[in-house]
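Read through the structure below, which is laid out as structure tokens, and then see the notes.
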């Protein structure tokens, strides 16, 4: 109730100056007929409340761009709010929503409900609009941050079959400096995005190609003008403000109701792709030729003109049922591809923290074995070794070249040794993946040497004055983060741990003559903990070893303590007064 009361107050408090400023801004930007309220800077760039100014009657978020007209299946899930009892459908009407796209819709709902609860925005409405605008970001073809792998652009809005909207962004978003085009998974025209753009993923950019940014902007736009989307009239007005088409309204509402009855999450890049678009001509049955009421006069037959190149008669456009030949439709790469296979990657092995010499690569082929170019292939790392594609990226999408080949970026190993998997899948299709096994080995050093020339001596029962410093190298270069083992050995020919002589101390101060888990620094240097001498005097040996064959043996000398001096007697007076020397006890 408080939220509704606040919304009424804001509507009534809008001054003429604010309205005038809003109208001026709209005239300058050709943005939709609302201006966003101030931001509270929480959870990205989320504005507080809904729009406060009246909407322009001719403003739309997309510039009335084309949209997909596929409808949901008839056998709708019958358990609202759950993801069970879903129809088993593999076509474009499948109920699955890609994971990142679904997360963006739900986050936008939660964000806007916290700032404008009176709008009652359901995430299923965003899903319905996302479905008809871009097929859920082309089946979830987004990277790890939610940005579409390739830009999703609508047709040029040059007035030929669509609205005529001159350029408003110098081509920054749509790449067209003459006219605007709808951009991104929610298909905002640049002028609309200039007003409603959001930074919902906190990366410092308002990007219409990012599903998180675009979903939040769409939610705020739908909530404009104090709409309560729980009211049917406000819901219809909100959808029509996105695209002024009754068919668009009915299509979005169909998906909205479908998603409310149940949906489920599918991996990014595996969502179904829609087929039919509103700007695609529909085939219609030819009208029957009317029966003439009078007998027509005979006319000379029309002979088709032969084609200059082949001699084949050209079709006569005046003859009934004859149409001019058209270019064959362009079949998308994700439809043509039949399988992907390993393109000769080879063995994937690297030391911890290093780069893999080989890069995962696949070849995309159609059913006839021909290469498929322009296909999105996603490479994803799974495992706990910390391997990545640079930075922290665990997945990347690469487009196949003219030879149908897609090569992943260089994989870098983490610090943990072990095995992991790089899996390659087709974006937009569910085909058998290609899995590459990779191994991370421990860091190595082939040489260990003393890092200084200090003499390592101590008196029995005392601490060594100097600590041991060693340097590790591999192929002559400093070997960082190499795990070394230090052992007080019995002799040069007997590597067993000595039971007497110098020792280290454990956490409780007890003698310890073998140390493991020691690692060199970024310069390949390692300083050992303090060494102590027990009561044994003599020469002892400390040996350090490293994976990769590096080893060094260091002498430790322990001297016996100096003997205590013999006491000197002092004289004591005799009873007769003479001085006599008496031993001092």
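Computed from the coordinates by the stated procedures, all read-outs in this text should not be read as laboratory data. Fair warning: this is a prediction, and the values are worked out from it, not measured in the lab. Glycine also receives a Cβ, built like all others from the backbone with ideal geometry; neighbour counts cover every protein chain displayed.
Sorted from greatest to least, the principal axis extents spanned by the alpha carbons of region 447-559 come out as 41, 28, 27 Å. Each listed q (0.16, 0.19, 0.22, 0.25 Å⁻¹) maps to a log10 I(q)/I(0) for region 335-441 from the Debye sum over equal C-alpha point scatterers, namely -0.64, -0.85, -1.06, -1.28.
Calculation over all alpha carbon pairs of region 378-426 in 10 angstrom steps from 0 returns a P(r) of 27, 51, 19, 4 percent.
What is the order of 503, 221, fewest Cβ neighbours within 10 Å to most?
On the way: 503 19, 221 27.
Fewest-to-most ranking of 503, 221: 503, 221.
When a/c is below 1.5 the answer is rounded, else prolate if a/b is larger than b/c, else oblate, so apply that to region 143-245 with a ≥ b ≥ c taken from the square roots of the Cα gyration tensor eigenvalues.
oblate
Exposure proxy for 260, 131: other Cβ atoms within 10 Å of each Cβ, ordered fewest to most, give 260, 131.
What's the Cα-based Rg to Rh of region 428-492, Rh via Kirkwood? Could the numbers behind the result be given before it?
On the way: Rg = 21.9 Å, Rh = 16.5 Å.
On the Cα set of region 428-492, Rg over Rh gives 1.33.
Put the Cα centre of region 191-233 next to the Cα centre of region 414-431 and the gap is 33 Å.
Exposure proxy ranking for 133, 257, 334, 564, based on other Cβ atoms within 10 angstrom of each Cβ and starting from the fewest, stands as 564, 257, 334, 133.
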